[in-house]
Structure formats: structure tokens, C-alpha cells
Amino acid sequence: MFLTNEQWSVVAPFVEPLKRLETRGRPRQDDRRILEGILWTLKTGAQWKHLPKEYPPYQTCHRRFQTWVESGAFDRIVMALAMDMEYRGRIKLKSCFLDATFAGAKKGALAWDPQSVGKAAKSWQLRTKALFQSPSMWGVLLRAKSDETVHNRVPERHLLRCG
């Protein structure tokens, strides 16, 4: 899942690069590409080692994901994306719910294989909406749903305006 410039502008303030004390070693990977790899893994449900080559190494994405979850940054990122989608009218945080429906997978193709052109999502809004339907996001969305002051968490300047 690749972020548009508008999406990145919403979440960039919540991704603060860590100050490196050591100048040796490999240079730090781009936070935007790391986040895109994390979101791809969460959306597809694939294992980290199946992250496609167009993303940074899966070890780097997984390590950064763990760091962001522990620091609370990932919750803020997801909340900012969710609130932006709500502002655009794509989701309703107050009416999200969990569905216990179970559907078996078809044999043959892997879940993370590319979709055919006819089945592929047409816009970044649809791809982002699909991300919020991932079980990995349910905890954050449920906290957003139960919090009456959800709009006080993200400053107004971080929400995108659509004209």
C-alpha cells in the first residue's frame, strides 16, 4: 500500500525520527517507505517475510513497527488516518463494529497475490478503507469509537481539507 502525499502529510507529524547516537552503520531507512511496508503487511495479513521487494527489508519494517507500537506512535498514526477518512466521509468511527463471520480461503492463489485489474481498488481512499477493515486495526478503532473526545487527539491542522 503506497501513501499519497496527502496521506503522508497527515501522519508525518506522528513519525518522529529517532536521534542516532552512533554515526556508524547503515543509514536510516525512509519512514514513509517503512510505514507503507507495515500497512501492506497489516492489510494483507501476510507474514513479515513475504513483504514484496518494493518495500524496505521486512526486518527493518518489523523492528520499526515494534518501536512505534511501544511508543504509541502507531496508534496516533492509525488514529490520524482514521479521522481523516471520517472527515472525508469514507468511514464512521462511531458506528464501526467487529464481525465474527468466517470465510474459508479459496485454494490456489495466496491472499497477498496481486489482484486482477478488474478487482483492484480504484482509489487510495478505498485502499485506506480496506486497511481499517484489517483485524490489526480493530483495537485502535474501538478505542476511537468509545472515546467521545476522539477529535481532540489530533490537532485540526493535521486533518486534510477537501474542497
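Quick look at the values:
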| item | result |
| --- | --- |
| Top-ranked residue in region 63-113 [being closer than 21 Å to residue 30 by Cβ and polar (S, T, N, Q); ranked as modelled with the highest pLDDT] | 66 |
| Scan of region 36-68 for residues that are basic (Lys, Arg) and in contact (Cβ under 8 Å) with a residue 60 or more places away in the chain, ordered by number | 43 |
| Filter pass, residue 118 being at pLDDT 60 or above, loosely packed, with under 14 Cβ neighbours inside 10 Å and not aromatic (Phe, Trp, Tyr) | no |
| Candidate set: region 1-24, residues that are within 26 Å of residue 50 (Cβ to Cβ) and outside any helix (DSSP H, G or I); chosen: the one modelled with the lowest pLDDT | 1 |
| Residue in region 47-63 that is touching a His at 6+ places or on another chain (Cβ under 7 Å) and more than 16 Å from residue 11 (Cα to Cα) present | yes |
| Scan of region 47-72 for residues that are surrounded by fewer than 17 Cβ atoms within 10 Å (Cβ to Cβ) and either in a helix (DSSP H, G or I) or among the hydroxyl-bearing types (Ser, Thr, Tyr) (or both), ordered by number | 48, 49, 50, 59, 63, 66, 67, 69, 70, 71 |
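The values are calculated or read from the model by the stated rules, or taken from the named source; none is laboratory data. If you're wondering where the values come from, they're calculated on a predicted model, not measured in any experiment. Backbone-built Cβ (ideal geometry, glycine too); neighbour counts: all protein chains shown.
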